[in-house]
Amino acid sequence: MMYPVKMSKLVLICPGSLLEKAIGCLHKQKVVHIETHRKGDLDIGSPLPDAPKISELLLKIRSICASLAIVQKDFEPKKQEIMPYRKLMKICIDIEKQASAASEELKKINQEINDVNHTSESIRPLISLPLAFDDYRGYDSLSVFTGFVNGHDMDDMKNEIKGITEKYGLYRADHHGRPLIALFIESSKQGEAQNVLSSYGFTPIIIPENLKGSVSKALKSLEAKALSLNAKKEKTEKTILSIKKKNASLLVSQESILSAEIKKAEIPLQFAASENVTVIKGWVPSESANSLRSALSKALKGRFHMAVEEPKAAHDYGHEEDPSTPVKLSNPKASKPFEFLLELFNLPSYHELDPTFFLSIIFPIFFGFMLGDLGYGLVIFLACRLLLRKFSGQAASIIRIIMISAVSTMFFGLVFGEFFGFEEWPHSIGPNMCRNAPFLCNVQEVHAHGAVETVYSFPHLLSRTHEKMSLLVISLIIGAIHINFSLILGFWNIWKSHGLKHAFLEKISWLILEIAVALLALTYMGKLSMPLFIPWAVLAISILLIYLGEGTRGLVELPAIFSNMLSYARLMAIGLSSVGLAIVVNDLTKPFFAKGVLGVISGLLIFAVGHGINIGLGILGPFLHSLRLHYVEFFSRFFKGGGVKYSPFGEESL
Amino acid sequence: MAIDIGTGLIALGAGAAIGLSAIAAAIAEKAIGTAAIGAMAEKEELFGKGLILTVIPETLVIFGLVVAILIIGMAG
């Protein structure tokens, strides 16, 4: 719980001929974290002979899945046997041929549909003109202009064209409010006509070359063609879907089998190998070493050598011996979700304390202190309970963390006496409540806005809105306790690794600094009477000790410890903001409830939405700030981090 | 609710204390945060160091908050 799982360094030597059996055995055991070998005296091993075939198959299967849009989690992989590679390859090539033929077909049909639609859209306006397709072309002495114009001054345009020449024919029509024209004019006046038309905003319509006959007939035939193409498209899509359904489970299950196989086939690249012998270096949890040895001796019939030893601890400050020892956190079941928070930040290095347990206790306390509302805690708890069924893995860890924090929120809601922002019984129920059930009610005289009024508040220890200063003081005291706790943890860590003198100089010196400043403050404020030189002397001694322990960097950080303590004032600040928002929502809702049924409904709506938003903010804000208080203020005094996550060979990696 | 101008000015002073220090901290953390996220995009392990370095200017806001509270204390 306090430290990561004990690891042992592992060296495994086996002859090259038994390599495949050894890899199979290690993969099944799932306990060895393999250390990649860097090319030094020994060469890097070469992959198993099957590797190229497996990766080719894997590539083909994955490309088929991509082109058919098969997503792994939609299909339950049936328990499949390992197929011989050649047979599987033949099946895959077959599927690929079918799939690519169908998708090519689909692309062609889509293109044709696009063309047909485009053509019919472009010739649709022509239906309002009394002309057939052949009338638009084939002239020697006429130029034809067909297109849309701006509708304002059609008569002016006609006059202008009349001004150019008398030999013209102008057809006008309307298409959905846009006027269009077909102008037939003698070719010699083509340029001038162009100028006139463009001054009226002329946009030409292109007449397709291959269409003949009447416009309406052409449109009808195009629509019929579009229908038949759509039918064809549906058929092709159905074909693709059936290919997908038939083969999806086979492909998905084979893909997962082959992924494991390729990992096994390529793992020798991380081993060291000579001509006849392979050397595997890695780590194994100390408790599993013996079972690993017996499994290996059964698989390899004793023809191997395995050596385990304890990882070396750090001797000199900053000079770690085995820095890459993987870290596997082990914590009681209730603290396990909080390991996610540690993975987010930095895993502890192998030799230092695992702070997950402390995090799992203090984080919910901070969260509850900041949110502190019985109703909100209840809602969040129930919501998390419902969500847990749908998620697993990392998301489940977060949901569990929030669920535990919700319990703490409910507790602090009782301490602060808040329920959805309400701190008191309404005046209609209050007096009866206090008479009949005095434990559910505190009668208080509150000075607000210059008058004294009786308030029937919920039972509480501390009222957040009325006793702000006490809240601030409590937050700062919590900060002081938390930071001193982290100093003690740091003291423990350094004592274990570097000895008592270093630990004393680096951590206890800060405690002495705090005592000195406290003495100084108390003496100046008059609460203590002692000759002034005592606190100053203690201060000087502590500064000297800090300099000896941490050097100049420590001196620069002197005020940091006090500003870090002040940072805990955010416990009060965020709490007050959350309460404030809740009170605002309640004040908004109050007038609605007097106004009849519609008023009650809308009041409930506003209540739900307002408090919903506040709950959302209330999960986000306190979560981030509690986390930040831990990462920065708590961890900076004892946590070094830098641990490598333990990922054993054979386990499915996320 | 009538308050005299002295109290009003004290309130303005407290508001300015925390508001301006918050702006200063935000400007500082903006630059650091941008660099931290850029570094994290290249190397995930730097999240912890990046976070700590980004929130170093928080002390500015905290001192501002303390000053604001002391000023309000002056108002009695």
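A:I23 - would you say it is among the β-branched types (V, I, T), assigned to a helix (DSSP H, G or I) and over 20 Å from A:G282 (Cα atoms)? Considered against the rule, which asks whether it is among the β-branched types (V, I, T), assigned to a helix (DSSP H, G or I) and over 20 Å from A:G282 (Cα atoms), A:I23 comes out as no.
From the set of residues in the stretch B:34-76 that are under 12 Å from the mean Cα position of the chain (by Cα) and outside any helix (DSSP H, G or I), which is farthest from the other protein chains (Cβ to nearest Cβ)? Among residues in the stretch B:34-76 that are under 12 Å from the mean Cα position of the chain (by Cα) and outside any helix (DSSP H, G or I), the one farthest from the other protein chains (Cβ to nearest Cβ) is B:P57. Screening A:A594, A:A560, A:A608 for residues that are within 14 Å of chain B (Cβ to nearest Cβ) and without any contact (Cβ under 8 Å) to a residue 12 or more places away in the chain leaves exactly one candidate, A:A560. Of the residues contained in the stretch A:562-573, one or more are found to be over 30 Å from A:E506 (Cα atoms) and surrounded by 14 or more Cβ atoms within 10 Å (Cβ to Cβ). Kindly indicate whether any position in the stretch A:360-367 is closer than 22 Å to B:E45 by Cα and surrounded by fewer than 20 Cβ atoms within 10 Å (Cβ to Cβ). There is no residue in the stretch A:360-367 that is closer than 22 Å to B:E45 by Cα and surrounded by fewer than 20 Cβ atoms within 10 Å (Cβ to Cβ). Comparison of A:F623, A:F592 shows that the only residue that is on the phi < 0 side of the Ramachandran plot, over 22 Å from the mean Cα position of the chain (by Cα), in a helix (DSSP H, G or I) and not β-branched (V, I, T) is A:F592. If I filter the stretch A:450-467 down to residues being exposed (fewer than 15 other Cβ atoms within 10 Å of the Cβ) and either modelled with pLDDT under 75 or not in a loop (DSSP other than H, G, I, E, B) (or both), which single residue comes out as farthest from the other protein chains (Cβ to nearest Cβ)? Selected residue: A:T454.
Sub-7 Å Cβ pairs linking a first residue in the stretch A:341-357 that is more than 11 Å from every other protein chain (Cβ to nearest Cβ) to a second residue that is surrounded by fewer than 21 Cβ atoms within 10 Å (Cβ to Cβ) and of a type in the set (D, E), at least 6 apart or interchain, are A:T356/A:E339, ordered by first then second residue. For the stretch A:544-556, the count of residues that are within 14 Å of chain B (Cβ to nearest Cβ) and either among the basic types (K, R) or part of a helix (DSSP H, G or I) (or both) is nonzero.
The condition (being in contact with a Leu (Cβ under 8 Å, 6 or more places away or on another chain) and surrounded by fewer than 17 Cβ atoms within 10 Å (Cβ to Cβ)) is satisfied by just one residue among A:S128, A:S100: A:S128.
Only one entry in A:K53, A:K39 is closer than 30 Å to A:S100 by Cβ, without any contact (Cβ under 8 Å) to a residue 40 or more places away in the chain and of a type in the set (K, R), namely A:K53. Every residue in the stretch A:626-654 that is surrounded by fewer than 19 Cβ atoms within 10 Å (Cβ to Cβ), at pLDDT 85 or above and more than 9 Å from chain B (Cβ to nearest Cβ), please. Passing the criteria: A:V644, A:K645, A:S647.
Checking each residue in the stretch A:218-242 for being under 21 Å from A:E121 (Cβ atoms) and within 41 Å of the chain's Cα centre (by Cα) picks out A:N230, A:K233. Looking across the stretch A:227-245 at every residue that is in contact (Cβ under 8 Å) with a residue 60 or more places away in the chain and not polar (S, T, N, Q), the one that is nearest to A:I113 (Cα to Cα) is identified as A:L229.
All told, A:P531 falls short of being exposed (fewer than 15 other Cβ atoms within 10 Å of the Cβ), more than 30 Å from A:P426 (Cα to Cα) and within 14 Å of another protein chain (Cβ to nearest Cβ). Per the conditions (1) of a type outside the set (S, T, Y); (2) within 14 Å of chain A (Cβ to nearest Cβ); (3) assigned to a helix (DSSP H, G or I), the sole criterion not satisfied by B:A16 is (2).
Taking the criterion of being more than 26 Å from A:I488 (Cβ to Cβ) and outside any helix (DSSP H, G or I), the residues of the stretch A:512-529 that qualify are A:G526, A:K527, A:S529. Among A:S216, A:S221, A:S198, A:S122, which is the only one that is small (G, A, S), without any contact (Cβ under 8 Å) to a residue 12 or more places away in the chain and closer than 30 Å to A:K235 by Cβ? Exactly one residue qualifies, and that residue is A:S221.
The values are calculated or read from the model by the stated rules, or taken from the named source; none is laboratory data. Bear in mind the structure is a predicted one, so any value in this text is a computation, not a measurement. All Cβ positions, glycine included, derive from the backbone under ideal geometry; neighbour counts span all protein chains shown.
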